[in-house]
Ligand code: APR
């Protein structure tokens, strides 16, 4: 059924000039893309991140890492944006200044029509040269080699222990400090520096909203906790704020 949306929140969203959203893998769960930490289905419940999502893992076994990301890329290629992605794209059209900050690497926000997207952790559909970190088309082989320097190619994602893309965190932090409303959607709030953005927004005076079927470390910080799935709660929030559709 229609999730319960507090009128104060609907009013705040309707009158907001600047809104920011931080999304995690939970917004893609209803598209069939696995999350990382959900019981049983989470990727880190089934695979060891130290073996697959660190620069050391890649230099130790580039073929294993490349093939695991190829498998994940296949899951993403078959996925479609869900109502959560589409509602966030619609919000960008209705709110004067809307910034979407995502930890997801699946590209589904852009496929849903979001344009002002900060990909804090990169994008699995892009491939870069592991030596020069410049984008390269993946050729043959596993992993394919950089046509320019011969180094193995790697997915353009941020692995544990790596720096975020230059400027991404600064841009996200600026959006967090400058917004009236900050939506935390589908993230466990465990991985920094992304997980620091909600507190930064709240301390700068934003109303904090968490949308998640579970409690997280962000829950105590939130002014509004909408307990439910993003694909149901976000459309309900949008309709409550913009009843004319
Ligand atoms: N709607 C909303 N939230 C959901 C849904 C859903 N349908 N399904 C699950 N969730 C919530 C879970 O309750 C959990 O709190 O989404 C969250 C997913 O948390 P994680 O699996 O930890 O994913 P995320 O927060 O994106 O992880 C952050 O960790 O592994 C690194 O770089 C990776 O970007 C990732 C980062």
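No lab work stands behind these numbers, since they all come straight from the coordinates. Given the structure is predicted, the values throughout are model-derived calculations rather than measurements. No Cβ is skipped: glycine too gets one built from the backbone with ideal geometry, and neighbour counts run over all protein chains shown.
Just a few scattered comments:
- Proxy reagent accessibility, fewest Cβ within 10 Å first, across 47, 98, 36: 47, 36, 98
- Footprinting exposure proxy for 134, 118, 101, 211 (fewest neighbouring C-beta atoms within 10 Å first): 134, 118, 101, 211
- Ellipsoid equivalent to the stretch 147-245 - semi-axes via the Cα gyration tensor, in Å: 31, 17, 15
- Acute angle (nearest 10 degrees) that the helix 168-177 long axis makes with the longest principal axis of the chain, alpha-carbon atoms: 10
- The chain: translational diffusion in µm²/s, Stokes-Einstein, Kirkwood Rh over Cα pairs, 20 °C, 1.002 mPa s: 115
- Added length on full extension, which subtracts the Cα-Cα distance from 0.36 nm per residue, residue 170 to residue 149: 4.4 nm
- Against the chain, whose longest principal axis is taken from its Cα atoms, helix 62-77 shows a tilt of about 40°.
- Against the chain, whose longest principal axis is taken from its Cα atoms, helix 83-94 shows a tilt of about 60°.
- With each label modelled as a point 7 angstrom along the Cα→C-beta vector, the residue 75-residue 115 pair spans 3.2 nm.
- Zone residues, the stretch 70-86, relative to residue 41, backbone N less than 18 Å from point 7 Å out along Cα-to-Cβ: 72-86
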